[in-house]
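Visitor: Just dropping this structure here.
The values are calculated or read from the model by the stated rules, or taken from the named source; none is laboratory data. Keep in mind that this is a model prediction, so the values were computed, not measured. Virtual Cβ from ideal backbone geometry, glycine too; neighbours counted across all protein chains shown.
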Amino acid sequence: MALIERQSIVEGLIRILGKENVITDEQVLKESSLDRYRKYEQVCEVYTQPIPAAVVYVHSTEEVADVLKFANEYQINIVPRTGHSAIEGGLETALENSIVVDGSQMNKVLKVDQYNMQVTCQCGVPLQDLDDMLREQGYTTGHSPQSKPLAQMGGLVATRSIGQFSTLYGGIEDMVVGLEAVFPNGKICRIKNVPRRSVGPDIRNIIIGNEGALCYITEVTVKIFKYRPENNQFMGYTLDNMKTGFEVLREVMVEGYKPSIARLYDPADGAMSFSHFAAPGKCVLIFTTEGPAAIAEATAAGIKEIVARYDECEAVDPKYIEKWFSHLNWGPEQIAQEREEIRATQNIGITTEVSGCWDCIYEIYDTARRRIMEEVPDITLIGGHSSHSYINGTNMYFVYYYNIVDCPPEEEINKYHNLINRIICEQVVQYGGSIAHHHGLGKARAHYVHEEYGSSFYMLDTLKKAFDPNGIMNMGTLIPLRK
Amino acid sequence: MMKLLLPFSITPDLEALSEEDWALQPDLKVDTSFTPLDWNSFDESALEMSLKLSDNGAAGSFCFYRCALTVGGMPSDRFLKTLAALKFDELVRVDPGDADLRFRPEVVARLIADFAQTQAHPDFILMGRQTQVGDNACTPLLTAELLGWPCVTQVTALESADEHRLRVTGAVDGGTSVQTVSAPCVLSIGDAPCTYLRVPTLKDKMAYGKKPITLLKLSDFPGAEALLSSPNAELRSLAPIRKEREGVLIEADTPEEKAEILYRDYLKGRLNRL
Amino acid sequence: MLNACTNDYPDQCRLLAGFLEQRTNGIEADTAVVFHREEADREKLLCAVPVPKAVLIGLPQARTETMLNQLAELGGSGETAVYLFAGNCFGSELAVRMGQRCGGTFMAAVDGLQCAGEEITVTKSVYGGHMEAEYALKKAPYCLSVSRSSAEPAKETGRSAVAIEERTVREGPENGFSEDYAFIPGKEEKNLETAPFILAAGWGAKSREGVDAMAQAAEKIGAEFGVSRPVAMSAWAPMSSLIGVSGAMTKPEICIAAGVSGAPAFYAGIEKSGFIVSVNSDPRAPIHRKSNVVIVDDWHKVLQHLSEISEKPLKATRKNEE
């Protein structure tokens, strides 16, 4: 708990950043106390989390260092934030009088290095802006999460995000070349940009995915790739069984193909996007390939050959997939519309993403889905898709909707959302998968950190104690608060 | 018990189409088959308003029988199943086959009227005022005429007055009308706020969603089919409407600078001339 | 075909006068049918009529079912005639029902009307405003309502008509289905349709608070405030501020569209603007291509700053007008 009062915290921050960069407007503070994990509370404007002391806008690495030193001295909880698109509670201010340090105004692209194929930018650069700018020059980050219109570079790296073309380009951890981050004692660390090195552990990975619990990311350098959308190939299939779908995905990966998208939807999830061409009860399998024309074509041909071995798979007109592909992302308009629909219908949709090796992913999918149907009240839809495949396994993105019935906003999270999360985590742990594939543990799933890490929790715990001895960095995220 | 007939239509999401998608097929058709389908928003309001009649307090205890009717292909079944799960009592789909009904509201209205007279025998017919594709804005009006029933248009709110009558609010020129309406009557639903269709639970989908859909063909409605060959208004051509302006992009680093450029270079002079 | 029972009567006259002048070819309009309340001032009614002759029909109450019976009688005479209605609630309902009842041809929201020899053709927008359709009309009488976005309403309707027939109608059993009928006049019309400067908000406003903030910005910069259909349907703003085919058809000198995506049904309501500015953080929003000037950014910040820098001069301008 902070050693000084709320008022003194605000005064100290104003001394460091100036009045205009320290926001204490009540509505801003309330909205900054949570993220989309508490979507229903957000929609109902009911705020159950401690309200932060201030939201501050930082403009330089030095300012971040000064704020962190101040917070470290007085043991004030810091919640680092950029695009505010988190959905696992990572941005909740779990302790009284927290400071939300918003880096969205550190939004300069510092260097586009076309020769070395890397781009350096500050933490608040919106991914959409960066990628749009690169595409105009014939390049792309290759990173395209659904949150692209909202998310910013610092947050994307902090949560170990992944994009929709990951099967080709990898997750953000495969793209980050170098970084700059600030630790709670004000120490600024830079990791240089090199193709690879063998100089001890890869310390980039202390920063990537730290979820703001170890340090504040101020600058990132990521790889760039040639952008050649004219070479894109699209393939779609309908089939009866998820099991078959996983087999196809596995074979494509094992044979060594690198499609940019490899997705498998179950009938319930698929019906939301594909009911205009997939009959009820059908699963949908989608592949896209990209890159140099010869590779895109050869990859597509190889995949078609594999799918052709499965009689169950029926090809659909690729134009369906191309149309779907051009409307992949979520922006502010969709969020506004969703919020209104939730208000009107009291029906809310949430997702939970997990991963598992090929030998257990189907069981994870099937048992979790069955349990949710049986154990959770008022469910209107439970389904899921696999959207990121690897040579040894894939992810499962559970999608579920429920009606909120006879339940005040502050109880919704326990009556429904956490109950579903618990079922999914239990099934994942039972079968040996991972409980979080790309949204981060946040605070929503931090309670499962021991089951997730097992004996290696020692390493995470040691990192936390070493880098954040006073416990000021996004407390409750990664490692749950002691009650 | 009050019997309600709810004719509804399903529409492709036209805003999802890109510019090249508006290129015309030879038979004056636009290919919307690659676009996801959704409820026609006016019909969605009608369906939700019919359910809301059962929601409210004592008036909610009145008994309703809801029959949903749509004219369309297989993809419409998914929407009918949703209505089944929402405990609609009867679900009917009329397959139009190859008939192009986009601009033929008189055929659809005849079909609805015949269905009402020979099979559904409803007290009230509730339907949206228009669809997006045909933009005809005729079907409910024609249905009323064919049945010889009165019609209340631009309906924005409904409640039960008693077991047999509805309290109907509608937009009229210069204001709003409120009246207690006796059966039979056609209610054409207009811009009714907050009428997203509710979502059935999985349990209800399993318990009620398998209710069979009555499948009929256009030829089951000879009166309607006979109208097909000789339209009073014959479609001659279709052409995309383009409404482009120059779209000069104001470029600057901050929104404040952009606002300043907008004001200085584009608004100030124009505002002074107002 | 005019309805003088409602206070939009002058607008109907101006719209139909504008339509006849700008959007018809080979058509000579000679007679108007004017429904009016029994107590209405005949002279005033005739003044606004945009054609030489008028039939006046007095009614005890402005009820469509009653009017329709009268129309059926008129249309049943077997004459080859075109009956034009304005595209308000009255016109879009009665054109269709009259056409059907008289066994003729009906069409709602017509944009243009041509008569060449024996053939009558009309154009109208379909596919949610994405396409224009042309129809050949086959069977008289032709009962058409005019799209409110088709023609520039005439400034003056010009002549004063001569009444060639007057009748008074008693209410018959046609309204027996309806009891306790009450008309609640709308609140003082916001002057969206005549405002010279409009700020229009779309889904991009994100919330009721966002819409309120935009409305305040509009007030500061001296603009009338309107919203798109999704905003009004979410009850973030009253239905009376709705712009587009189901709301106000505006024609300001300047329109700022903020957080608007640009669906045709909305755009139809602002397309007659002299100058359109779009502010939307989505660079791919279709509205940008239909605007004169484009800002891709957060509308909140842009409008906030705009209201700060433009507040003073605007207030001065308004004072001068007063």
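Visitor: Regarding residue A:96, is this residue outside any helix (DSSP H, G or I), surrounded by fewer than 24 Cβ atoms within 10 Å (Cβ to Cβ) and in contact with a Pro (Cβ under 6 Å, 6 or more places away or on another chain)?
Guide: Considered against the rule, which asks whether it is outside any helix (DSSP H, G or I), surrounded by fewer than 24 Cβ atoms within 10 Å (Cβ to Cβ) and in contact with a Pro (Cβ under 6 Å, 6 or more places away or on another chain), residue A:96 comes out as yes.
Visitor: Still on this structure, I have one more. Among the residues of the stretch A:9-19, how many are touching a residue at least 24 places away in the same chain (Cβ under 8 Å) and farther than 15 Å from residue A:66 by Cα?
Guide: Residues flagged as touching a residue at least 24 places away in the same chain (Cβ under 8 Å) and farther than 15 Å from residue A:66 by Cα within the stretch A:9-19 amount to 0.
Visitor: Only one of these conditions is not met by residue A:401: (1) out of contact with any Leu (no Cβ under 7 Å at 6 or more places or on another chain); (2) under 20 Å from residue A:38 (Cα atoms). Which number is it?
Guide: Failing condition for residue A:401: (1).
Visitor: Just to be sure, is residue A:161 surrounded by fewer than 24 Cβ atoms within 10 Å (Cβ to Cβ), in the same structural domain as residue A:116 (by TED's automatic domain parsing) and not in a helix (DSSP H, G or I)?
Guide: Spelling it out, it is not the case that residue A:161 is surrounded by fewer than 24 Cβ atoms within 10 Å (Cβ to Cβ), in the same structural domain as residue A:116 (by TED's automatic domain parsing) and not in a helix (DSSP H, G or I).
Visitor: Which residue is farthest from the other protein chains (Cβ to nearest Cβ), if the candidates are limited to the stretch B:204-233 and must be surrounded by 15 or more Cβ atoms within 10 Å (Cβ to Cβ) and basic (Lys, Arg)?
Guide: B:211
Visitor: For the stretch C:176-194, name all the residues that are at the interface with another protein chain (Cβ under 10 Å from one of its Cβ atoms) and either among the small types (Gly, Ala, Ser) or within 29 Å of residue C:305 (Cβ to Cβ) (or both).
Guide: If the condition is that a residue be at the interface with another protein chain (Cβ under 10 Å from one of its Cβ atoms) and either among the small types (Gly, Ala, Ser) or within 29 Å of residue C:305 (Cβ to Cβ) (or both), then C:176, C:178, C:182, C:186 are the ones that fit.
Visitor: Could you tell me which numbered condition residue A:181 fails, if it satisfies all but one of (1) free of Cβ contacts under 8 Å to residues at least 60 places away in the same chain; (2) within 21 Å of the chain's Cα centre (by Cα); (3) surrounded by fewer than 21 Cβ atoms within 10 Å (Cβ to Cβ)?
Guide: Of the numbered conditions (1) free of Cβ contacts under 8 Å to residues at least 60 places away in the same chain; (2) within 21 Å of the chain's Cα centre (by Cα); (3) surrounded by fewer than 21 Cβ atoms within 10 Å (Cβ to Cβ), the odd one out for residue A:181 is (3).
Visitor: Just checking, which of C:105, C:168 is among the β-branched types (Val, Ile, Thr) and under 28 Å from residue B:155 (Cβ atoms)?
Guide: Matching residue, one of C:105, C:168: C:105.
Visitor: Anything in the stretch C:100-118 that is within 12 Å of chain B (Cβ to nearest Cβ) and charged (D, E, K, R)? List them, or say none.
Guide: Within the stretch C:100-118, C:101, C:111 meet the criteria.
Visitor: From B:180, B:153, B:143, grab the single residue that is in a strand (DSSP E or B), crowded, with 23+ Cβ neighbours inside 10 Å and at pLDDT 95 or above.
Guide: B:153
Visitor: Testing residue A:406 on (1) within 12 Å of another protein chain (Cβ to nearest Cβ); (2) assigned to a loop (DSSP other than H, G, I, E, B), one condition comes back false. Which one is that?
Guide: Residue A:406 satisfies every listed condition except (1).
Visitor: Go through (1) within 14 Å of chain A (Cβ to nearest Cβ); (2) touching a residue at least 60 places away in the same chain (Cβ under 8 Å) and name the single condition residue B:249 misses.
Guide: Evaluating residue B:249 over (1) within 14 Å of chain A (Cβ to nearest Cβ); (2) touching a residue at least 60 places away in the same chain (Cβ under 8 Å) leaves (2) as the failure.
Visitor: From A:436, A:444, A:466, grab the single residue that is surrounded by 20 or more Cβ atoms within 10 Å (Cβ to Cβ) and either touching a strand residue (DSSP E or B) at 6+ places or on another chain (Cβ under 8 Å) or assigned to a helix (DSSP H, G or I) (or both).
Guide: The unique qualifying residue is A:436.
Visitor: Can you name the residue in the stretch C:131-173 that is more than 24 Å from the chain's Cα centre (by Cα), closer than 24 Å to residue C:37 by Cβ and charged (D, E, K, R) and is also surrounded by the fewest Cβ atoms within 10 Å (Cβ to Cβ) among such residues?
Guide: Restricting to residues being more than 24 Å from the chain's Cα centre (by Cα), closer than 24 Å to residue C:37 by Cβ and charged (D, E, K, R), the top hit is C:170.
Visitor: Quickly run through the stretch C:282-295 and pick out the residues that are part of a loop (DSSP other than H, G, I, E, B) and surrounded by fewer than 24 Cβ atoms within 10 Å (Cβ to Cβ).
Guide: Across the stretch C:282-295, the qualifying residues are C:282, C:283, C:284, C:292.
Visitor: Within the stretch A:206-241, track down each residue that is among the aromatic types (Phe, Trp, Tyr) and surrounded by 23 or more Cβ atoms within 10 Å (Cβ to Cβ). Please lay out each step first, then the result.
Guide: Residues of the stretch A:206-241 that are among the aromatic types (Phe, Trp, Tyr), as a first pass: A:216, A:225, A:227, A:234, A:237.
Within the stretch A:206-241, A:216, A:237 qualify.
Visitor: I would also like to ask the following. I need the full set of residues from the stretch C:1-25 which are in contact with a strand residue (DSSP E or B) (Cβ under 6 Å, 6 or more places away or on another chain) and part of a loop (DSSP other than H, G, I, E, B), in order please.
Guide: Scanning the stretch C:1-25 gives C:1, C:4, C:5, C:23.
Visitor: Can you work out which of the residues in the stretch B:253-266 that are facing chain C (nearest Cβ under 7 Å) and touching a strand residue (DSSP E or B) at 6+ places or on another chain (Cβ under 9 Å) is nearest to residue A:126 (Cα to Cα)?
Guide: B:255
Visitor: Of the residues that sit in the stretch A:107-128 and are part of a strand (DSSP E or B) and hydrophobic (A, V, I, L, M, F, W, C), which one is nearest to residue A:193 (Cα to Cα)?
Guide: A:119
Visitor: Right, another one. Among the residues of the stretch B:157-177, which ones are under 21 Å from residue C:240 (Cα atoms) and either touching a helix residue (DSSP H, G or I) at 6+ places or on another chain (Cβ under 6 Å) or in a strand (DSSP E or B) (or both)?
Guide: B:157, B:158, B:168, B:169, B:170, B:171, B:172, B:173, B:175, B:176, B:177
Visitor: Still on this structure: Assigned by TED's automatic domain parsing to the domain that holds residue C:109 and on the phi > 0 side of the Ramachandran plot - does that describe any residue in the stretch C:19-30?
Guide: Yes, because at least one residue in the stretch C:19-30 is assigned by TED's automatic domain parsing to the domain that holds residue C:109 and on the phi > 0 side of the Ramachandran plot.
Visitor: If only one of B:77, B:55 is within 14 Å of chain A (Cβ to nearest Cβ) and free of Cβ contacts under 8 Å to residues at least 12 places away in the same chain, which one is it? Break it down stepwise before answering.
Guide: Working: B:77 fails: free of Cβ contacts under 8 Å to residues at least 12 places away in the same chain.
That would be B:55, the only listed residue that is within 14 Å of chain A (Cβ to nearest Cβ) and free of Cβ contacts under 8 Å to residues at least 12 places away in the same chain.
Visitor: Evaluate the following for residue C:206: is it within 28 Å of residue A:128 (Cα to Cα), charged (D, E, K, R), more than 14 Å from chain A (Cβ to nearest Cβ) and without any contact (Cβ under 8 Å) to a residue 60 or more places away in the chain?
Guide: No: the conditions fail for residue C:206.
Visitor: Can I ask one more? Scan (1) in a helix (DSSP H, G or I); (2) surrounded by 22 or more Cβ atoms within 10 Å (Cβ to Cβ) for the single condition residue A:418 breaks and write down its number.
Guide: Just one mismatch for residue A:418, condition (2).
Visitor: Looking at (1) more than 9 Å from chain C (Cβ to nearest Cβ); (2) crowded, with 18+ Cβ neighbours inside 10 Å, find the lone condition where residue B:192 falls short.
Guide: (1) is the only condition that residue B:192 fails.
Visitor: Let me ask you something else. Is it the case, given these coordinates, that residue B:11 is modelled with pLDDT under 90 and of a type outside the set (D, E, K, R)? It would help to see each step written out before you state the result.
Guide: Numbers: modelled with pLDDT under 90: no; of a type outside the set (D, E, K, R): yes.
Criteria not met by residue B:11.
Visitor: When the residues of the stretch A:247-278 are filtered to those that are away from every other protein chain (no Cβ under 14 Å), among the hydrophobic types (A, V, I, L, M, F, W, C) and surrounded by fewer than 22 Cβ atoms within 10 Å (Cβ to Cβ), which remaining residue is nearest to residue A:297 (Cα to Cα)?
Guide: Here the residue is A:253.
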